[in-house]
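What follows is a single structure, written as structure tokens, with notes after it.
The values are calculated or read from the model by the stated rules, or taken from the named source; none is laboratory data. The structure presented is a predicted model; accordingly, all values stated were derived computationally and were not measured. Cβ atoms come from the backbone with ideal geometry, glycine included; neighbour counts cover every protein chain shown. SASA here: full protein model, heavy atoms, side chains in, ligands and nucleic acids out. Shrake-Rupley method; radii C 1.70, N 1.55, O 1.52, S 1.80 Å.
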Amino acid sequence: MADTAQIPHYDAIIIGAGISGMFQLIRLRELGMKVRVFEAGTGVGGTWYWNRYPGARFDSESWSYGYSFSPELLQEWDWSEHFAAQPETLRYLNFVADKFDLRRDIQFQSRVKSLIRDEPANDWEVTLESGEQARAPILITAVGPLSAPQMPNIPGIKDFKGESYHTGVWPHHAVDFAGKRVAVIGTGATGVQVIQEVAKTAGQLYVFQRTPNWCAPLKNSAIDAPTQTRLKADMPAILKQCLEHFSGFIHDSDPRGTFEVSADEREAFWEKLYDEPGFGIWLGNFRDSLADEKANDALSAFVAGKIRQRVKDPVLAEKLIPIDHGFGTRRVPMETRYYEVYNQPNVQLIDARDAPIECITAAGIKTSGGEFPLDIIVYATGFDAVTGALDRIEVRGDHGQLLKQQWANGPKTFLGLQAEGFTNLFTLVGPHNAATFCNIPRCIEVNVEFVTALIKHMRERGYTRCGPSEEAVEAWTQHVLEGSKKLLLTKVRSWFMGMNTNIEGKQVPKFLLYAGGLPQYRARCAEVAQHDYEGMLMS
Ligand code: N01
């Protein structure tokens, strides 16, 4: 690290100008700190900047999703729909950037290559892909849990002569599907959203489904004026409720057990949830729905019945019903007439389990069952989740150790915010953080407020270094893993479990979330702060 005096120096550097990076910038400015944010995109918004694919929209109620820190902002912004589409959310985040004059501290088109700790100097050295460098004693990563798009490991991808797009790096120009032969690979939450949209205009849409997911109706609608007024008035109560609920949504589990009510009552409850907007059927169901196998089987059977009612061809309906996991044990994609899409003559489901994709050719997709000539391929194949964005950066700690290597057998953190030996590095929405299974802004704000208070505490007391003790990391990791055992989702292959068939070394489950819920996470953070940041060594 030669001639560091020439490198621009800040009080703190933030990586990423999405929801968490933007809010962290606001809070650090309030402490009077000189802050630089490095952002790979050309604008703010993170997830909502990159995921511009047709059909992208909230699965969280819009009005429960915005920032809560500014009452003025809450009053000023009107969401047009209960579940806003991506362009509106991006407009909202740009509105926030304008209102708080954030862009002057954000350097765009600045993808980070490495983050190297210079322990003797007590600095983090940031190197961009352009070679440009910057330094600061405090480094905060705000890189998002689902921001490292992952292409499938299918041979021949580069050979295709038509247009192809990954949903997570969607182009800024409109893509015209009208009359075209289109393939969508992937049927996760993203695939489901994009399929519904593309099916409206494509000449022929082939959906390559390897594993069906349990989807549920979103029931989106416009927000009318009286509702808008009521929501604004109720906002403090809504936000309070979100913080008290397990995953920060307006929905929270019903205190009753599945079999504590009569069959009629159970059925009526499920009908009601299936018919209501949002995640109620997933997160507002009987308390044992995601923990007890029999309860989960019964719920799955109910939802399977709905799919059979909605898909006309009974053979096709069975192909769309998951058989290897129960309802809600993977992220539930929310849909608007998704199943009805398969009744359209221009849509064909290709079961990529029966006839696996062999390769992409110049003309289209080749499976063991035949060839599909195509104009456009959409890769809705997901992300290298939670740790992926950090893995793609060379992050080296106090003794030169690589973060990726340290977490090779699963993440080890304190509160999902700090790793041992990575002094003054704070990972907002890091692994084993409540924010990984959350209505994300609600948890992001909890993360940012905690880190801000901690930095303030350090500055007031003249501390310049902060890192977790080995015992604190061990205890938190054990707490996270113990808590996960009660959930059925730990028995299923998904990004929750750090599994990705397209990435070498990611076939073994490594739990990435925090299953204790937001209230418990908040309580633990508060307790740590109250005890002078117990578990975090400061000097
Ligand atoms: O990614 P996924 P996603 N050959 O990993 C398939 C959030 N989100 O982008 O299941 C063939 O869920 C793969 O098949 P399989 C939300 O948290 C939020 O859809 O591995 N297929 C799967 O079907 C969500 O959970 C919102 O067998 C291949 C799909 O690709 C998260 O983002 C909207 C394959 C990947 O599904 C990720 O969702 C959208 C291959 N080689 C998303 N590789 C909102 O609420 C992968 N697949 C706003």
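For the chain, the longest principal axis of the C-alpha atoms and the axis of helix 440-461 are separated by about 10°. Could you list which residues have their amide H under 5 Å from that of Glu358, counting only those 5 or more apart in sequence or on another chain, with H placed in the peptide plane? The list, which skips near neighbours in sequence, is Lys366, Thr367, Ser368. Listed as lacking a disulfide-compatible partner in the chain: Cys215, Cys242, Cys359, Cys466, Cys525, by the criterion of no other cysteine Cβ under 4.7 Å.
Report, to the nearest 10°, how far helix 518-530 tilts away from the longest principal axis of the Cα atoms in the chain, using its own Cα long axis and a range of 0 to 90°. Its long axis makes an angle of about 0 degrees.
Placing a label point 7 Å from the Cα of Ser539 along the Cα-to-Cβ direction, the residues of region 447-463 with a backbone N closer than 14 Å are 463. Normalised by the number of residues in the chain, the average gap of Cα pairs under 8 Å and 6 or more apart makes the relative contact order 19 percent. How much FRET efficiency would the formula 1/(1 + (r/R0)^6) give for Glu504 and Leu316, where r is the Cβ-Cβ distance and R0 is 41 Å, rounded to 0.05? Plugging the Cβ-Cβ distance into 1/(1 + (r/R0)^6) gives 0.75. Remark on Val347: its backbone amide H falls under 5 Å from those of Leu205, a criterion applied only to residues 5 or more positions apart or on other chains, H modelled at 1.01 Å from N.
Expressed to the nearest 5 percent, the antiparallel share of DSSP beta bridges inside region 1-149 is 50 percent. Across region 371-388, coupling constants 3J(HN,Hα) worked out from phi with the 6.51/-1.76/1.60 Karplus curve, θ = phi - 60°, read 10, 10, x, 9, 9, 9, 10, 10, 8, 9, 9, x, 9, 7, 6, 6, 8, x Hz, and Gly and Pro carry x.
Counting only DSSP beta bridges whose two residues both lie in the chain, roughly 40 percent are antiparallel.
Note on Arg256 and Phe108: the model spin-label points, each 7 Å out from Cα along the C-beta direction, lie 5.2 nm apart. Computed from Cα positions, the angle between helix 293-310 and the longest principal axis of the chain comes to roughly 50 degrees. Once backbone amide H atoms are built at 1.01 Å from N, Asn502 has no partners under 5 Å, excluding neighbours fewer than 5 places away on the same chain. The phi-based Karplus calculation (6.51 cos²θ - 1.76 cosθ + 1.60; θ = phi - 60°) puts the 3J(HN,Hα) values of region 486-496 at 6, 9, 5, 5, 6, 9, 10, 6, 6, 5, 3 Hz, whole numbers, x for Gly and Pro. The length gained by stretching the chain between Ala529 and Glu132 to full extension, at 0.36 nm per residue less their Cα-Cα distance, is 139.3 nm.
Take the Cβ atoms of His457 and Val169, set R0 to 45 Å, and the FRET efficiency comes out at 0.70. Here the accessible area is traced with a 1.4 Å probe on the protein chains. For the chain, carbon and sulfur cover 52 percent of it.
Here the spin labels are modelled as points 7 Å beyond Cα on the Cα-Cβ line, and at Arg287 and Lys99 they lie 3.8 nm apart. In the full protein context, the chain carries 40 Å² of accessible surface per residue, based on a 1.4 Å probe and ignoring ligands, DNA and RNA.
Multiplying the residue separation of Glu471 and His399 by 0.36 nm and removing their Cα-Cα distance gives an extension gain of 24.0 nm.
For region 165-175, putting each phi into the Karplus relation 6.51 cos²θ - 1.76 cosθ + 1.60 with θ = phi - 60° gives couplings of 9, 8, 4, x, 9, 5, x, 7, 8, 6, 9 Hz, in residue order, rounded to whole numbers and with x for Gly and Pro. Placing R0 at 25 angstrom, the Cβ-Cβ distance between Arg29 and Ala237 gives a FRET efficiency of 0.25 after rounding to 0.05. Extension gain for Asp224 to Ile7 (0.36 nm times residue separation, less C-alpha to C-alpha distance): 72.8 nm. Helical runs assigned H by DSSP (4 residues or longer) give the chain a calculated mean residue ellipticity at 222 nm of -9500 deg cm²/dmol, each run adding -39500 (n - 2.57) before division by the residue total.
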